[in-house]
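Worksheet: one structure, shown below.
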Amino acid sequence: MARLRVEALPYEFECDTGHTALLIIDMQRDFCAPGGFGEKLGNDISLTRKVIAPIQRVLSAWREAGLFVVHTREGHRPDLSDCPASKLRRSKRQGAGIGDPGPMGRILVRGEYGHDIVDELKPLPGEPVVDKPGKGAFYQTDLDVILRTRGISSLVVTGVTTHVCVHTTIREANDRGYECLLLEDCAAAFDPRDHEAAVRMVHQQGGIFGWVSTSEALLKALGQLRA
Ligand code: TIU
């Protein structure tokens, strides 16, 4: 176990490596590849694709340091029995009906090609993958018990989209007592305005939800552990 110190807003983020997890949220083809849920909702997916490379650098250094990683995926059972009617109705109205056929299989349905994580960030055996029916990664999942069993109290948070699943998860984590560090260049929204507002909301008011930093600062801090 070592002390990790990362330059951040509103001030330096500190955690113990043995009590910290890297959380990679919903880096699924459905949000980063053509014809998926994100694009069908009417969005440009170039910004969500752009975070794959910096997350890959962080993931690689994190694994090299032997630290704990958890991946999440948003999606539903094939019979959609865990998809609220409200969510289904709004997705269909927007032209991105959950469960409808698409070029990567049925949209946002577990087991389909589009639902899975992009090749560049493929989970390794031993890295938990948490399937979630909602935006927050704690809602109706075993994420909390996985983290507590492992003694995790701090989270380095990455993924998409910043204002939706990333933000909901940070808020849920904060209320449960976890300290969250969001890496702003490892998170994206389809519209930069949403990303910018969501990032600011995390660190304003003295870090009301947590801290914000960059992949570069985290990699530097991990490098200092080795030195
Ligand atoms: N993963 C996640 O953020 N799910 C979404 O539906 N995001 C949107 O921005 N739509």
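So, in region 28-50, exactly how many residues are assigned to a loop (DSSP other than H, G, I, E, B) and near the ligand (Cβ under 9 Å from one of its atoms)? If you could, list the steps in order and put the result at the bottom.
Filtering region 28-50 down to residues assigned to a loop (DSSP other than H, G, I, E, B) leaves 33-36, 41-45.
Those left that are additionally near the ligand (Cβ under 9 Å from one of its atoms): 41, 43.
Qualifying residue count, region 28-50: 2.
Looking only at region 182-225, filter to residues that are in contact (Cβ under 8 Å) with a residue 40 or more places away in the chain and either in contact with a Ser or Thr (Cβ under 6 Å, 6 or more places away or on another chain) or among the basic types (Lys, Arg) (or both); which one of those is surrounded by the fewest Cβ atoms within 10 Å (Cβ to Cβ)? For region 182-225, the residue satisfying everything is 220.
For region 21-73, a residue qualifies if it is closer than 30 Å to residue 94 by Cα and of a type in the set (Val, Ile, Thr), and the qualifying residues are 24, 25, 45, 48, 51, 52, 55, 72. When 37, 13 are checked against the criterion of being at pLDDT 95 or above, in contact with an Asp or Glu (Cβ under 9 Å, 6 or more places away or on another chain) and not polar (S, T, N, Q), a single residue qualifies: 13. Looking across region 1-27 at every residue that is over 20 Å from residue 131 (Cα atoms), among the aliphatic types (A, V, I, L, M) and in a strand (DSSP E or B), the one that is most open to solvent (accessible area, probe 1.4 Å) is identified as 9.
Restricting 54, 78, 84 to residues that are more than 28 Å from residue 157 (Cα to Cα) and either open to solvent by less than 10 Å² (accessible area, probe 1.4 Å) or modelled with pLDDT of 95 or more (or both) narrows the list to 78.
Listed by position, the strands (runs of 3 or more DSSP E) enclosed by region 76-189 that each have at least 1 residues that are under 23 Å from residue 63 (Cα atoms) and more than 16 Å from the ligand (Cβ to nearest atom) are 154-160, 179-188. Residue count for region 196-219 under the criterion of being at positive phi and either in a helix (DSSP H, G or I) or of a type in the set (Ser, Thr, Tyr) (or both): the result is 3.
Can you confirm whether residue 122 is closer than 30 Å to residue 68 by Cα and open to solvent by 50 Å² or more (accessible area, probe 1.4 Å)?
Details: closer than 30 Å to residue 68 by Cα: yes; open to solvent by 50 Å² or more (accessible area, probe 1.4 Å): yes.
Against the criterion (closer than 30 Å to residue 68 by Cα and open to solvent by 50 Å² or more (accessible area, probe 1.4 Å)), residue 122 qualifies.
The values are calculated or read from the model by the stated rules, or taken from the named source; none is laboratory data. It should be emphasised that the depicted structure is a prediction, and the values quoted were computed from it without experimental measurement. All Cβ positions, glycine included, derive from the backbone under ideal geometry; neighbour counts span all protein chains shown. To get the accessible areas, we keep the full protein, side chains included, count just its heavy atoms, and leave off ligands, DNA and RNA. Shrake-Rupley method; radii C 1.70, N 1.55, O 1.52, S 1.80 Å.
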